[in-house]
1. Alpha carbons only, please: Rg and Dmax for the stretch 41-127, in angstrom.
2. What net charge do the residues around G90 carry, taking every other residue with its C-beta under 15 Å from that of G90, with Lys and Arg at +1 and Asp and Glu at -1?
3. Find the centroid of the Cα atoms in the stretch 67-85 and in the stretch 125-154, then give the distance between the two in whole Å.
4. For the stretch 45-188, divide the Cα radius of gyration by the Kirkwood radius and give the resulting Rg/Rh value with two decimals.
5. Determine the percent antiparallel among the DSSP beta bridges restricted to the stretch 131-229, to the nearest 5.
6. Could you give the C-alpha radius of gyration of the stretch 117-223 expressed as a fraction of 2.2 N^0.38 Å, taking N as the number of residues it contains?
7. Cut-off is 10 Å between beta-carbons; in what order do T204, T33 appear when sorted fewest neighbours first?
8. Using 0.36 nm times the number of residues separating T39 and A51, minus their current alpha carbon distance, what extension gain do you get?
Amino acid sequence: MAASLIPQFLILFILTAAYLFPISVVSTTFTITNQCEYTVWPGILSNADVAPLPTTGFALQKGETRTISPPASWGGRMWGRTHCSEDSAGKFSCLTGDCGSGKVECSGSGAAPPATLAEFKLDGYDGQDFFDVSLVDGYNLPVLVSPQGGSGQNCSSTGCVVDLNGACPSDLKVVSDAGEGVACKSACEAFGQPQYCCDGAYATPDTCQPSSYSLAFKNACPRAYSYAYDDKTSTFTCSSADYAITFCPTPSTSQKASQGQNQGPTTTPPLGATSEGGNDGKSSSPFVDGSMVYGSGELGTNGGMGRTCTHVGAAVSITLAVWRLMQFR
């Protein structure tokens with residue numbers, strides 16, 4: 001009689017332990033901050049194979065921060081919309097980064113280029129998070145993505161933290177009604193030619209090479225994607241990190257912040273000059289040079305310790321109890 005009570009006791013113990021000592025799961029957080037001198041409306045688009053986040057768009061006033069907790073293995077992109085307003089009929093729209101929903105929430109729609117994109121795939125290959133900042137669809141805002149904690153050989157900050165709108169060539173520039181430069185198109189968006197868009201006969205890494213336009217983006221923002229196959233210097237990985245996404249981080253001219261990715265002052269090739277990518281046949285003023293990077297360690301290697309799971313001892317105890325229960329059968 002007593003022997004038959006032992007398995008029941010162990011089952012009760014396991015259920016009680018699981019209730020009192022839950023096994024915690026590492027949960028990533030995104031902390032989105034607006035350091036611009038104006039309101040930014042972040043937009044969020046989840047990949048097709050994952051559930052959308054609870055919010056897909058919202059307003060961030062100057063200096064405001066919002067934290068979002070995505071589900072495990074979430075993937076998608078974030079961007080900032082600017083110069084947004086509602087018309088008399090209540091339709092919401094933005095001059096840059098508009099997602100076409102007619103509302104503050106993007107509801108499954110992506111950004112109309114040009115827009116600076118922060119892209120993520122959490123808990124991907126080998127349990128790592130993959131992330132990047134992309135100018136493939138053009139540029140509208142400085143964006144910095146900084147891992148908080150986490151570990152990995154390539155777990156460091158990335159972004160495009162230079163204001164490119166003022167230096168954008170006229171054939172790429174998007175202007176407001178007041179004539180202000182508010183965004184900078186990619187060459188693909190501006191000209192629609194396959195050698196810039198990496199499609200058609202240029203749809204492979206061997207055939208689609210950097211153009212003088214993408215090289216100008218790359219010199220200004222050496223850690224950001226400048227064209228579709230710019231993977232080697234533009235994809236970053238972390239394990240068990242949270243992420244701070246900052247619009248308009250504080251500028252500096254410190255060279256040390258680039259952590260070796262931009263060695264010394266470089267001169268951006270004039271747009272239209274012959275380069276490895278060929279002659280674009282355009283003539284415009286160049287972007288700012290590659291010495292414009294950001295200091296205060298913002299683009300430095302992340303040296304923080306990774307987050308750890310708690311209640312590991314409880315998990316081991318429960319596993320041991322289950323094993324013992326099997327011995328009584």
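1. Taking only Cα atoms of the stretch 41-127, I get Rg and Dmax of 13.5, 51 Å.
2. Once positives and negatives cancel, what remains is -1.
3. The distance from the Cα centre of the stretch 67-85 to that of the stretch 125-154 comes to 13 Å.
4. 0.98
5. Taking every DSSP beta bridge with both residues in the stretch 131-229, the antiparallel ones total about 90 percent.
6. So the stretch 117-223 has a normalised radius of gyration of 1.22.
7. T204, T33
8. Between T39 and A51, full extension yields 1.6 nm more.
Every number in this text was worked out from the coordinates using simple rules, so none of it is lab data. None of these values were measured; they are calculated from a predicted model. Cβ atoms come from the backbone with ideal geometry, glycine included; neighbour counts cover every protein chain shown.
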